[in-house]
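The values are calculated or read from the model by the stated rules, or taken from the named source; none is laboratory data. Remember, predicted model here, so these are calculated numbers, not experimental data. A quick note on method: Cβ atoms are made from the backbone with ideal geometry, for glycine too, and the neighbour counts reach across all protein chains shown. Accessible surface is based on the protein model in full, side chains and every heavy atom, while ligands, DNA and RNA are left aside. Shrake-Rupley method; radii C 1.70, N 1.55, O 1.52, S 1.80 Å.
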Amino acid sequence: PNFQRLQQRGRLSRALDIRVASVENPVTYYAFDVLGIEDFDLRMLPLTTRKGLLQKLLPGAGIIRYLDHFVADGEVLYQEVQKLGLEGIVGKRGDSPYKAGRSAGWVKIRSRRSDDFVVVGFTAPKGTRSGFGALQLGLYIDGVLTYCGRAGSGFSDAQLAEVRKQLDGASRKEPACVGTLPQEKGNTWVNPRLVCEVEFTEWTDEGLLRQPVFLRFRDDKGPEECVASGRVAHRPSGEAEVAQPPTAEPAREERSFTLTNPDKVFWPDEGYTKGDLLEYYRSISPWMLPYLVDRPLVLTRFPDGIAGKSFYQQDAPAFVPQWIRTQRMYSEQAQREISYFIGEDEAALLYLVNLGTIPFHVWASRTSRIDRPDWCVLDLDPKGAPFSDVVRTALTAHQLCDEIGLPNYIKTSGSSGLHVLIPLGCQCRFDEARSLGELLARLIVGEIPEITTLARQISRREGKVYVDYLQNGSGRLIVAPFSARPLPGAPVSMPLLWSEVKPGLDIRAFTIRNALDRMRQLKQDPLVPVVSDQPDLAAALDRLGKRGSND
């Protein structure tokens, strides 16, 4: 079970390449369930019965094999899986019928490894990030300090600033380690003094860490104690190699691409072109990037403008350049691993716009704390209700949050509704964020039931504003602030002052033509604290509970 080798096989399409790879990089398929045999539907049978039938069907050897299971001792199995460096285990009820999608009948338990590494350097910060971009890491392999990759996720803002001060006092001209060293600009090498613990999924064939995430610094451990153990690629012999590892970022001058079809009309009625859209995103990027950096993105691409066909893209295609950051993660909605685009800087933003992307949708969490959202959102969706009712609903939410001491901010969706956002400061999980959203939504609907509803189906809303709290979940999306929308007039999702939320508010008045001028006049984004505020959630929830019991 080697993810890198599976990727290499999965990308092959020519018959000759596949035949060669079947010898050089063979694959075995392990079947663990069977849903039907000929005309017989087996889905309602217990899992153990289905597996028994499957075992009789499959040959004892070959490229398709039966995957056995363990009836008991799950904890022991998990410990052995960790020792072997496997991805994890899946536990299933033996008496359960087959049901598509997630269910209470099975659970996935992931296994991630961690180890202690020597800090041998750092990369320059990019975009709005301060301090440093990532820490370069090393381990002692056969007595020689060897480069192992870099970790850029998992740091708090305070750590970025504090650690940078320490690193600046330890810089050196040449790296203290050997191995497959990155050669791009922006690397600073340091004396090997700091030790940190890093979590990761596996070692690549090049001896680099896959999906590393910083956990903590180890003041109790010396660099000489960071010795390789377990499965690590062999140390390169001789002098340090100069080949650039696949995970390294190319040199800055290589971060370029050709803008295509800038004169193509994207908004026919207004005559706005793809070039106009690119210029909008370029000019608004300093305001927009705080909501994109280190965050999974999902694109909706309109290659021929809003009048043409469009498609939704969350899985990054293989042709994107290496300097475009992507990260493979499990999607609860798609029920599979997806290689997400990760927001980084202006160059990456413009590259994605050049693909024909008009709106950007974002996760509520960042890769550094992927299970901890930055905000809770209430999506106020009119769908047949007058917009004045949306305004009244938003103001009711604002008053409720103020009463219980929860900071709250607002933006237009750019389409038809408003988004009320409550900062969480990564203090809770997604399920807790959703529970908070549900509590707030129920209190709002209880306050103004004549104009609001929790009914998701449009046919059941009776012309009322839908207070949607269900967007609070892992992988759930909202349109990014300042994102353009594929609608007449080219409106954008615009942060608002609460004083602007009043009768007569026209959310379509904010467009790619005037958004930058508005922000220059405001001088400060009223929404941006939502990605950094850390409210006292315990106190707010206590007040919310008391109010709910009183109501």
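For the range 289-300, what does the Karplus curve 6.51 cos²θ - 1.76 cosθ + 1.60, with θ = phi - 60°, yield as ³J(HN,Hα) per residue in whole Hz, taken in order and with x for Gly and Pro?
4, x, 8, 10, 4, 6, 10, x, 10, 10, 9, 10
Taking H as built 1.01 Å from N, whose amide H comes closer than 5 Å to the amide H of Ile37, not counting residues under 5 places away?
Distant-sequence amide H within range of Ile37: Leu42.
With labels modelled as points extended 7 Å from the Cα through the Cβ direction, what inter-label distance (nm, one decimal) is found for Ile64 paired with Arg11?
Reported label-point gap for Ile64 and Arg11 is 2.8 nm.
Between Phe311 and Arg282, what is the spin-label point distance in nm, taking each point 7 Å from the Cα along the Cα→C-beta axis?
Calculated label separation equals 2.8 nm.
Listed here are the pairs Lys264/Lys523; Lys165/Lys523; Lys126/Lys173; Lys165/Lys221; which of them are more than 26 Å apart at the Cα?
From Lys264/Lys523; Lys165/Lys523; Lys126/Lys173; Lys165/Lys221, over 26 Å: Lys264/Lys523; Lys165/Lys523.
Can you work out the PRE-style zone for Val107? Point 7 Å along Cα to Cβ, and I want the residues of the range 413-452 with backbone N under 17 Å.
Zone members listed by number: 430-432.
With a 1.4 Å probe and all protein chains in place, put Ser339, Ser493 in order of accessible area, largest first.
The residues order as Ser339, Ser493, largest area first.
Using the basic label-point model (7 angstrom from Cα toward the beta carbon), what is the Ala509 to Glu462 distance in nanometres?
If labels sit at Ala509 and Glu462, their model points lie 3.3 nm apart.
Pop out the ³J(HN,Hα) list for the range 136-146 in order, Karplus 6.51 cos²θ - 1.76 cosθ + 1.60 with θ = phi - 60°, rounded to Hz; leave Gly and Pro as x.
For the range 136-146, the Karplus-derived couplings read 7, 10, x, 9, 7, 10, 6, x, 10, 5, 10 Hz, x marking Gly and Pro.
222 nm [θ] for the chain, helices only, -39500 (n - 2.57) per DSSP H run of 4+, per residue, to 500?
-7500 deg cm²/dmol
Run the accessible area of the range 117-208 with a 1.4 Å probe and give the carbon-and-sulfur part as a rounded percent.
Of all accessible area on the range 117-208, carbon and sulfur atoms account for 45 percent.
Which stretch or stretches of the range 129-150 have amide N atoms under 14 Å from the point lying 7 Å from Val227's Cα along the Cα→Cβ direction?
Residues passing the 14 Å test: 139-145.
Does anyone have the angle between helix 15-24 and the longest principal axis of the chain? Alpha-carbon axes, 0 to 90°, nearest 10?
Orientation of helix 15-24: about 50 degrees from the principal axis.
Relative to the longest principal axis of the C-alpha atoms of the chain, give the angle of the C-alpha long axis of helix 74-84, reported between 0 and 90° and rounded to the nearest 10°.
Tilt relative to the chain: about 70 degrees.
When DSSP beta bridges are limited to those with both residues in the chain, what percentage is antiparallel, rounded to the nearest 5?
Of those bridges, close to 90 percent are antiparallel.
Enumerate the calculated ³J(HN,Hα) couplings along the range 470-487 in order (Karplus 6.51 cos²θ - 1.76 cosθ + 1.60, θ = phi - 60°), each rounded to whole Hz, writing x wherever the residue is Gly or Pro.
In residue order, the calculated couplings are 6, 6, 8, x, 4, x, 6, 10, 10, 5, 5, x, 6, 5, 6, 10, x, 10 Hz.
Specify the angular offset, from 0 to 90 degrees and rounded to the nearest 10, of the alpha carbon long axis of helix 387-404 from the longest principal axis of the alpha carbons in the chain.
Computed tilt is about 70 degrees.
Using the beta-carbon distance between Glu24 and Val71 and R0 = 30 Å, what value does 1/(1 + (r/R0)^6) give for FRET efficiency, to the nearest 0.05?
The computed FRET efficiency comes out at 0.20.
Of Cys148, Leu54, Leu544, which is farthest towards the positive pole of the chain's charge dipole, taken about the Cα centre with +1 and -1 on the beta-carbons of Lys, Arg and Asp, Glu respectively?
About the Cα centre, the residue reaching furthest to the positive side is Leu54.
Heavy atoms only, probe 1.4 angstrom, no DNA, RNA or ligands counted: give me Tyr30, Tyr281, Tyr78 ranked by accessible area, highest first.
So the residues, ranked largest to smallest area, are Tyr30, Tyr78, Tyr281.
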